[in-house]
Ligand SMILES: Nc1ncnc2c1ncn2[C@@H]1O[C@H](COP(=O)(O)OP(=O)(O)O)[C@@H](O)[C@H]1O
Ligand SMILES: [Mg+2]
């Protein structure tokens, strides 16, 4: 127990050094639903750039809540409140001069349930550009090709870009959603259990894609699957009851967890 | 034990299915009754000639048998006969006790003549009398083409007169009106004088044509042996109801139906067609839909997307729902007070001050009627649109917002397109409700006879201030307001049938549009 605590403290102090300060810095962040029901307790996380960070933990422990705080999707819910701060490249996302719309352009999101619009594949990809008022045909065409290629979907759909997106398979739809998220060139991509509704083959494709994408983007992925977290992520945060119990290199978390709860969870003793 | 439990629900199933069956049976019965009565109006019936001996005196009757029934007081069987010839007898229907009826026959030489005035004639054609030529005697069916020639000529003349009266004189009149409104100067006075001259010339031509059409008469003999005459120009058509074969009968049926659908009404609406009423109903319903849909959708968007939940929103919702239950005549009164007197009166004072005290918009018209009905139907659209908006999955909204769309962009680009089919359902329901509404219209612009259509060929083509005819009001007018409501009864059924058809067609059109849209967003369960 003592050893594990020491280990944790060591990790923490290492994280706090300026050189290693993450692109996303979450500081003493607490979150409340209905003004009183606390879902997150004093979260401190430094998420490094161009890496994949996975959030794991039993359901209801606040992973989605934290993820949705990073692009302020929680603003849509009435009667919520937060304490502490989240900074992206040193700027607070809650600052009153921050424009939520430009924040969401910098922080793309992929949801658990794929949610393409009832429009053509083409229109789906460029939705972010359309709402930003970009009309230049060449830019749009280029964006579509680039995004679909990055999302490993180009070869499959290049002949039916103007067909409805709702005709795609589940895995293709989810990759389309990823393409849509990267179309407006975000810095960060948030993924909330992107594979939970997909079969193993489609899941494999998305995982591969995610590994590809980390070259250009910082990725946070919430996942239910231990294997997935260990396969793709560089860092892992284990959540339990609204708190981050342990946050470390994925290797360390899975081979040598400092906290016994973490160990119990990843070995499948609860969760 | 298990079996008993499984069977326990059975009576309820029976009860509900019986309820359904009763409902369907009632609808089928209603539609069937209207269909049979409505369609049989156009079928040329056989005409019987009866020898009636009553109180020792013999008389002859000619007519169509309307129905046979028991007399209310004595219980004797009696026949109702449509004898037409209202101008000669003073009535068009008689009741004859069955016991008094002697010899019956269906003579082939009886003619049914449809006239512009006083309804139809049953009689035997005798001769054609002309002003400056020898009379032409008509003996039998062989002479019909001769008569037909005269009738055709007169019909052509009449069409010419109508054309002159309606469009040419109307146009000259319009120009005179417009010139009169301008400040007077010599050029205008001169033009006025020449226009007035043109008007006089046209009016004279019309009179002359009309005289020509009335100078030749057809002399015919009616059932009691009297000789009567009708100007050829007043004959719409004639035929021999008993001499017709099946194909001729079908042809006459189609002709009658066509006249009903495409002609303007005559004789206090009891004869002729109902085209202006069809047109008025359709145009009014379309205007109403165009007004109510955006209004309802905007309200629904505010209520659903922007308003914060709370007691205020709840009470607004309750108020909207209750609005749907307010008696429609209340909306009529509101429309009269607000649209006609307040808004219309204001418009008149501002823009049409030179024609006052004759109101332009300050009186009932198709615009005010459409707006009044759109108030009546707006709750339907609001409720349907709100439902459609909430049927758009949360994931879709979040996806749009996560892409950096503003709230309004999300609504405009994603939510509205996805909920369009549901919104159109609301519009269809509103159309169904509004197209059949009569009571409020009587206060805000419907009339029994409108001189011209609301959309026509005279400038500015769409006349929103114009009064209009409506099928629903037409039914009311025929059934309750016409001088001879018994004679108008068949028309009531035919018009009712038509109103149902028009409402169904309007709805089908809406449904078609909606399904096309739905196919565009096929499988929008995401
Ligand atoms: N919209 C909401 N309103 C109220 N409570 C919520 C809402 N969303 C989530 N919660 C609560 O917050 C806690 C964390 O939820 P969530 O972040 O979705 O967990 P996870 O994604 O880890 O499964 C849960 O107890 C959940 O019940
Ligand atoms: Mg979750």
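Throughout, read-outs are computed from the coordinates displayed, never taken from laboratory work. Since the structure is predicted, the reported quantities are computational estimates derived from the model, not experimental observations. All Cβ positions, glycine included, derive from the backbone under ideal geometry; neighbour counts span all protein chains shown.
Calculate the all-directions average of the projected area of the range B:341-424's alpha-carbon convex hull, and give it in nm².
Spelled out: convex hull of the Cα atoms, projected over all directions, averaged, 7.8 nm².
When the scattering of the range B:212-329 is computed by the Debye formula from its Cα atoms alone, each counted once and equally, what is log10 I(q)/I(0) at q = 0.11 Å⁻¹?
Cα-only, vacuum Debye calculation for the range B:212-329: -0.68.
Neighbouring Cβ atoms within 10 Å as the yardstick, rank B:318, B:235 fewest first.
By the 10 Å Cβ count, ascending: B:318, B:235.
With a 10 Å Cβ neighbour count serving as the proxy for reagent exposure, in which order, fewest first, do A:265, B:199 appear?
The order, fewest Cβ neighbours first, is B:199, A:265.
Of all beta bridges DSSP finds with both residues in chain A, what is the antiparallel percent, to the nearest 5?
That works out to approximately 60 percent antiparallel.
With 13 Å as the cut-off, how large is the P(r) tail for the range B:48-113, expressed as percent of Cα-Cα pairs?
Counting every Cα pair in the range B:48-113, those more than 13 Å apart make up 66 percent.
If I take R0 = 35 Å and measure r between the Cβ atoms of residue B:129 and residue B:89 in this structure, what FRET efficiency does the formula 1/(1 + (r/R0)^6) give, to the nearest 0.05?
0.95
Taking Cα pairs under 8 Å and at least six residues apart, what relative contact order does chain B come out at, in percent?
Working: 757 pairs, mean separation 77.0, N = 526.
Relative contact order, chain B: 15 percent.
Hey, how many Å between the Cα centroid of the range B:138-193 and the Cα centroid of the range A:140-159?
Centre-to-centre (Cα) distance: 70 Å.
Where the convex hull is taken over the Cα atoms of the range B:378-419, what is its projected area averaged over directions, in nm²? Please list the in-between numbers first.
Numbers: hull surface 11.2 nm².
Reported value for the Cα convex hull: 2.8 nm².
Evaluate E = 1/(1 + (r/R0)^6) for residue A:92 and residue A:197, where r is the Cβ-Cβ distance and R0 equals 35 Å; express this FRET efficiency to the nearest 0.05. Please report the intermediate quantities before stating the final value.
Working: r = 34 Å, r/R0 = 0.97.
Once rounded, the FRET efficiency stands at 0.55.
For chain B, what value does the Rg/Rh ratio take when both radii are computed over Cα atoms and Rh is the Kirkwood radius, given to two decimals?
1.07
Using only the alpha-carbon atoms, how far is helix A:137-150 inclined from the longest principal axis of chain A? Give it as 0 to 90 degrees, nearest 10.
Long axis of A:137-150 versus the principal axis of chain A: about 50 degrees.
At what distance in angstrom do the alpha carbon centres of the range B:49-126 and the range A:167-199 lie from each other?
Taking the Cα centre of the range A:167-199 as reference, the centre of the range B:49-126 is 84 Å away.
Return the inverse of the average 1/r over all pairs of distinct C-alpha atoms in the range B:10-82, which is the Kirkwood hydrodynamic radius, in Å to one decimal.
16.5 Å
When the Kirkwood radius is taken over all Cα pairs of the range B:148-206, what Stokes-Einstein diffusion coefficient follows at 20 °C and 1.002 mPa s, in µm²/s?
Result for D is 167 µm²/s.
Note the angle between two axes, namely the Cα long axis of helix B:275-301 and the longest principal axis of the Cα atoms of chain B, as a number of degrees from 0 to 90, rounded to the nearest 10.
10 degrees
What distance in nm lies between label points placed 7 Å from Cα along the C-beta direction at residue B:505 and residue B:486?
So the label points at residue B:505 and residue B:486 sit 3.4 nm apart.
Where does chain A land on Rg(C-alpha)/(2.2 N^0.38 Å)?
1.02
Modelling each spin label as a point 7 Å along the Cα-to-Cβ direction, I'd like the residue B:25/residue B:163 distance in nm, to one decimal.
With each label point 7 Å from Cα toward Cβ, the separation is 5.8 nm.
Mind putting together the pair-distance distribution for the range B:126-252? All Cα pairs, 10 Å bins, whole percent per bin, short to long.
Result, from short to long distances: 11, 29, 23, 16, 12, 7, 2 percent.
Where a ≥ b ≥ c are the square roots of the eigenvalues of the C-alpha gyration tensor, would you call the range B:395-526 rounded, which needs a/c under 1.5, or, failing that, prolate if a/b is larger than b/c, or oblate?
prolate
Would you list the P(r) distribution for the range B:275-520, with all Cα-Cα distances sorted into 10 Å bins from 0 and each bin expressed as a whole %?
Once binned at 10 Å, the Cα pair distances of the range B:275-520 give 7, 26, 30, 22, 11, 3, 0, 0.
Can you give the calculated 222 nm mean residue ellipticity of chain B, where each DSSP H run of n ≥ 4 adds -39,500 (n - 2.57) and the sum is split over every residue, rounded to the nearest 500 deg cm²/dmol?
Theoretical 222 nm ellipticity from helices: -18000 deg cm²/dmol.
The protein assembly as shown: D in µm²/s via Stokes-Einstein (Kirkwood Rh, Cα pairs, 4 °C, 1.567 mPa s)?
Here the translational diffusion coefficient equals 38 µm²/s.
Quick one: angle between helix A:2-16 and the longest Cα principal axis of chain A, in degrees between 0 and 90, rounded to 10, please.
Compared with the principal axis, the helix lies near 50 degrees.
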